[in-house]
Amino acid sequence: MSLSIRNQIPGTVVSVTRGEVMATVGVSLDSGQEITAAVTREAVEDLGLAEGSAVRALVKSTEVALATGPVEGVSIRNQIPGTVTDIATGGAMAGVKVSVPGGGELTAAITKDAVADLGLAPGSSVVALIKSSEVALAAV
Amino acid sequence: MSLSIRNQIPGTVVSVTRGEVMATVGVSLDSGQEITAAVTREAVEDLGLAEGSAVRALVKSTEVALATGPVEGVSIRNQIPGTVTDIATGGAMAGVKVSVPGGGELTAAITKDAVADLGLAPGSSVVALIKSSEVALAAV
Amino acid sequence: MSLSIRNQIPGTVVSVTRGEVMATVGVSLDSGQEITAAVTREAVEDLGLAEGSAVRALVKSTEVALATGPVEGVSIRNQIPGTVTDIATGGAMAGVKVSVPGGGELTAAITKDAVADLGLAPGSSVVALIKSSEVALAAV
């Protein structure tokens, strides 16, 4: 199965917190970074997710925001630093490629206005911001 | 690969419109309904999507909104009618199962306040609303 | 017709920028704030959106992040300041109500961990962050 989802980041489950309906899953990425996914509790049961499970974190590029540096005091759980490698600009949107230390690449689809306002160009240091409810998990 | 993504709806690509960065893909669901996915143009190329491609439309349950009837004059491209079959309520969120004509089931994760305000219960007629940028595609 | 979408903010279209497949729509909210929605170009045509169109911006609560103050250098186009009025906490997620100057209320569904880390409580000043691709529009 090939997915249109551009961002597929390998890691290992380090924690599972179950609510009645939703669950938050902590994932230690192979790059060392830790991220959080908010998925349904049912998905956690179906996939048998537990500490030690090998997963891939899946994030649609339209769900990735970019900041020019780390952001403090924000509810967004996931902040992944990297460097812009390429920008493709359309009439309304732009696709920004970000290389992540430890290997791997993220794609962010943001407005072309945001690219201009942030002055993004290849070489720019950025932090990718991803809300935990936008992170899906694949068991591998 | 098992996915945490609750909603995986089989269909066939009926149109692909390419922009510089993004592309919209029309998918005719096996249930007869047509939906639109907004994905990166790169994903369309990588998956080789074209008219006739068999795909599954993937939608995280947190991306599914519910209305008590069809909604006119809204930018949200995808409206799938169905009937509520089950509701699980937590402290903040609720998981609502919706059976769809022609078979299949959708899961929506909405606030428990929304369930109360809409008076949702098993048997309620609803329309699932899904923004096209929240639909990912899997080639099958 | 009732929608589960918690956040429905009235405003007027002030700009439309068309790409090949996507479009960005600037909306001046009745509260004076300006926000941006990224929707399909097709939706813009179908709704006949143009400068002066009366709309409601629709945002699912799972798409609203919160910060403890304004965030600079971020691609997220929409930042709406307000004050926390209520927090409902579940096992994994929390629903946070935010009153907005000029009237109106926003709901954000964020992780309960984020509520704890940010020290949110009724009375806290916050800024709601909403990526433009998460904003849908309804013509009114």
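A few points about this structure:
- Whole-Å semi-axes of the ellipsoid equivalent to chain C (Cα gyration tensor, √5λ, descending): 28, 14, 14
- In chain C, helices alone account for a calculated mean residue ellipticity at 222 nm of -2500 deg cm²/dmol, with every DSSP H run of four or more residues adding -39,500 (n - 2.57).
- Dipole moment magnitude, nearest 20 debye, the range B:80-140 about Cα centre, only Lys, Arg, Asp, Glu C-beta charged: 60
- Between copies, the label points at C:S99 (set 7 angstrom from Cα along Cα-to-Cβ) are spaced 4.5, 5.1 nm, reported in nanometres from shortest to longest.
- Stretchable slack from B:E105 to B:V14, in nm (0.36 nm times residue separation minus alpha-carbon distance): 30.5 nm
- Distances between copies at A:S125, taken between label points 7 Å from Cα along the C-beta direction, are 2.9, 5.8 nm in increasing order.
- The residue among C:V100, C:T36, C:I87 whose Cα reaches farthest toward the positive pole of the charge dipole of chain C, with charges on the beta-carbon of Lys, Arg, Asp and Glu, is C:I87.
- FRET efficiency, C:S2 to C:S125 (Cβ-Cβ, R0 30 Å, nearest 0.05): 0.45
- Spatially proximal aspartates and glutamates relative to B:K131 (Cα-Cα < 19 Å; intrachain offsets below 8 disregarded): A:E63, A:E134, B:E34, B:E63, B:E72, B:E105, C:E20, C:E42, C:E45, C:D46, C:E63, C:E134
- Amide N of the range B:19-58 lying under 14 Å from the label point, which is placed 7 angstrom from the Cα of C:D46 along Cα→Cβ: B:24-28, B:33-38
- Between A:T62, B:L129, C:M22, the Cα set farthest toward the positive side of the dipole of the protein assembly as shown (charges on each charged residue's Cβ, about the Cα centre) is that of B:L129.
- Simple Cβ-charge dipole of chain C, Lys/Arg +1 and Asp/Glu -1, about Cα centre, in debye nearest 20: 200
- For the protein assembly as shown, the fraction of C-alpha pairs more than 34 angstrom apart is 21%.
- Stokes-Einstein D in µm²/s, Kirkwood radius over Cα pairs - the range A:66-140 at 4 °C with 1.567 mPa s viscosity: 100
- Where rotation carries B onto A, the chain B residue whose Cβ is nearest that axis, in whole Å: B:M1, 3
- In loop segments of the range B:1-101 as defined by DSSP, the GluC sites (Glu not before Pro) with at most 11 further C-beta atoms inside 10 Å of their C-beta are B:E51, B:E72.
- Each copy carries C:G48; placing its label point 7 Å along the C-beta direction from Cα gives inter-copy distances of 4.5, 5.7 nm, listed from smallest up.
Every read-out reported here was derived from the displayed coordinates using simple, explicitly stated rules and does not represent laboratory data. The structure displayed is predicted, hence computed values, not measured ones. Ideal geometry is used to build each Cβ from the backbone, glycine not excepted, and the neighbour counts take in all protein chains shown.
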